[in-house]
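Trainee: This is the structure, below, for whatever I ask next.
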Amino acid sequence: MTHGAFDLRGKRVYVAGHRGMVGSALVRQLAHEDCEIITTSRAQLDLRDQSGVQGFFCDRKPQVVIMAAAQVGGIYANDSQPADFIYDNVVMQTNVIGAAFKHGVEKLTFLGSSCIYPRLAPQPMREEALLTGPLEPTNEWYAIAKIAGVKMCQAFRRQHGVDFISAMPTNLYGPFDNFDLASSHVLPALMAKAHQAKIAGADQLSVWGSGAPMREFMHVEDCAKAILFLTRNYSGEMHINVGTGEEVSIKCLAETIAEAVELKAKLAFDSSKPDGTPRKLMDSSRLLGMGWRPDVTLADGVASTYQWYLKNVSA
Ligand code: GDP
């Protein structure tokens, strides 16, 4: 593993996907840096259009690229639109990585997700688990695309000596999360359900499954800080896990959310719904070993996300 300080000061930094949960957090964090942030809307530039992407790099000349643009979605979206998930992601990242190489970008950070690891990877999941077993079939389209991105960054490093790295965030939450109950992950889903229960004066909060599964949650602001930390301080072939190293049970998460929402209700575990995998935790010891630490506790992160939800979603 190589460490080397890369200075973002005075650099033109292109955040691809700045409207998304991670991209928007990156823009908020970069606003504290002495650098020029470059973004472009989907209407102005479709990242699936190779010549458009080349033209954009030629005009705007980014020196640093953070690839946070992706076609993302929950289990249903992944399973029902497999062509979009594999095609859009492979093409967008290929166009951005290719243009970054061609236009001499000094540093590129590619973002993936924990679903790149085999379905039955030993827990906590180490970076070395990549490509050691079959993927979870419901999201393999997305996972294969992301794995191709990690490998492409490695290949460009090896063949051309460029400084392209990859970061794999754990389950994220925070502003601009998806609160739609049909397609959201557990944290925003329980937050929206707890809010509705409070408004309705209900005395129960429905929690899917047994409440026993263990999950890791990271606030997106911490994730953005970790990505910038890696962009500055890490230069190596191995992709790096980005997580807190802490896990909680779904029951404990539901209690934390009920407290933030000030909902006085009993948890009602719905055993007709699946638990999913019993434990999903990333091994982030590489990142933590470099000295990085998250700032936001789960209780604080849930409380501030609820305030954001009240202003931006429930209104
Ligand atoms: P996973 O991490 O890929 O399993 O995806 P989820 O975030 O959707 O679910 C994590 C865990 O939370 C599972 O055990 C779910 O059964 C449980 N869970 C409890 N209540 C809910 C809910 O309202 N929505 C979702 N999506 N999951 C819930």
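Trainee: What does the helix-only formula give at 222 nm for the chain: each DSSP H stretch with n ≥ 4 adding -39500 (n - 2.57), the total divided by the residues, and the result rounded to the nearest 500 deg cm²/dmol?
Mentor: Theoretical 222 nm ellipticity from helices: -13000 deg cm²/dmol.
Trainee: Separate question: 7 Å from Cα along Cα→Cβ at both Val248 and Arg12: what's the point-to-point distance in nm?
Mentor: Reported label-point gap for Val248 and Arg12 is 4.3 nm.
Trainee: Run through region 208-266 and list the trypsin sites (Lys or Arg not before Pro) located in a DSSP loop whose Cβ has at most 13 other Cβ atoms within 10 Å.
Mentor: For trypsin sites (Lys or Arg not before Pro) across region 208-266 that sit outside H, G, I, E and B with at most 13 neighbouring Cβ atoms in 10 Å, the list reads Lys264.
Trainee: For the chain, what are the per-bin percents of Cα-Cα distances with bins 20 Å wide, up to the bin holding the maximum?
Mentor: All Cα pairs, binned at 20 Å, distribute as 32, 58, 10, 0 percent.
Trainee: Quick one: Kirkwood hydrodynamic radius for region 60-201, alpha-carbon pairs, angstrom, one decimal?
Mentor: In region 60-201 this quantity evaluates to 16.7 Å.
Trainee: What accessible area per residue comes out for region 108-260, rounded to a whole number of Å², with a 1.4 Å probe?
Mentor: Using a 1.4 Å probe on heavy atoms only, each residue of region 108-260 averages 38 Å².
Trainee: May I pose another question? Can you return the lysines within cross-link range of Lys264? Criterion is Cα-Cα under 17 Å, with same-chain partners fewer than 8 residues away left out.
Mentor: Lys264 reaches Lys193, Lys198, Lys251.
Trainee: So, one more: Ignoring everything but the protein chains, give the 1.4 Å probe accessible area of Thr277 in square angstrom, nearest 10.
Mentor: Answer for Thr277: close to 60 Å² accessible.
Trainee: Also, I was wondering about something else. Among 166-179, 197-210, 20-33, how do they line up by average Cβ neighbours within 10 Å per residue, starting with the highest?
Mentor: 166-179, 20-33, 197-210
Trainee: When the Karplus curve 6.51 cos²θ - 1.76 cosθ + 1.60 is applied with θ = phi - 60°, which whole-Hz ³J(HN,Hα) does each residue of region 151-164 get, with x for Gly and Pro?
Mentor: 5, 5, 4, 4, 5, 5, 4, 5, 7, 10, x, 7, 9, 10
Trainee: Enter the accessible area per residue of region 1-82 (Å², integer; probe 1.4 Å; all protein chains in place).
Mentor: Per residue, region 1-82 has an accessible area of 53 Å².
Trainee: Collect residues whose amide H, placed 1.01 Å from N in the peptide plane, falls under 5 Å from the amide H of Ile165; neighbours closer than 5 in sequence don't count.
Mentor: Leu108, Thr109, Phe110
Trainee: DSSP beta bridges in the chain, what fraction antiparallel, as a percent rounded to 5?
Mentor: 10 percent
Trainee: For the pair Asp79 and Gln159, how long in nm is the line joining their label points, each one 7 Å along Cα→Cβ?
Mentor: About 3.7 nm separates the two model spin labels.
Trainee: Between Tyr234 and residues 5 or more places away or on another chain, which pairs have amide H atoms under 5 Å apart, with H built 1.01 Å from N, and which residues are they?
Mentor: The list, which skips near neighbours in sequence, is Gly4.
Trainee: Of all accessible surface on the chain at a 1.4 Å probe, what whole percent is carbon and sulfur?
Mentor: Using a 1.4 Å probe with all protein chains present, the chain comes out at 53 percent carbon and sulfur.
Trainee: Which shape class applies to region 205-251: rounded if a/c is under 1.5, otherwise prolate when a/b exceeds b/c and oblate if not, where a ≥ b ≥ c are the square roots of the Cα gyration tensor eigenvalues?
Mentor: Since a/c reaches 1.5 and a/b is larger than b/c, the shape of region 205-251 is classed as prolate.
Trainee: How much length is gained on full extension from Lys102 to Asp295, taking 0.36 nm per residue of separation minus their Cα-Cα distance?
Mentor: Between Lys102 and Asp295, full extension yields 65.8 nm more.
Trainee: Just the accessible area for Asp180, please: 1.4 Å probe, Å², rounded to the nearest 10?
Mentor: Accessible area, nearest 10 Å²: 80 Å².
Trainee: When the solvent-accessible surface of protein heavy atoms is calculated with a 1.4 angstrom probe, in what order do Cys252, Cys115, Cys153 fall, highest first?
Mentor: Cys252, Cys115, Cys153
Trainee: While we're on this one: At R0 = 35 Å, how high is the FRET efficiency between Gln44 and Thr277 if r is their beta carbon distance? Nearest 0.05 is fine.
Mentor: 0.30
Trainee: Moving on. Under 19 Å Cα to Cα from Lys11, which lysines show up? Leave out anything in the same chain fewer than 8 places away.
Mentor: Qualifying lysines at Cα under 19 Å: Lys61, Lys102, Lys107, Lys225.
The values are calculated or read from the model by the stated rules, or taken from the named source; none is laboratory data. Remember, it's a predicted structure, so these values are computed and weren't measured experimentally. Here Cβ is always computed from backbone atoms with ideal geometry, including for glycine, and neighbour counts include all displayed protein chains. The accessibility values were calculated without ligands, DNA or RNA, using every heavy atom of the protein model including side chains. Shrake-Rupley method; radii C 1.70, N 1.55, O 1.52, S 1.80 Å.
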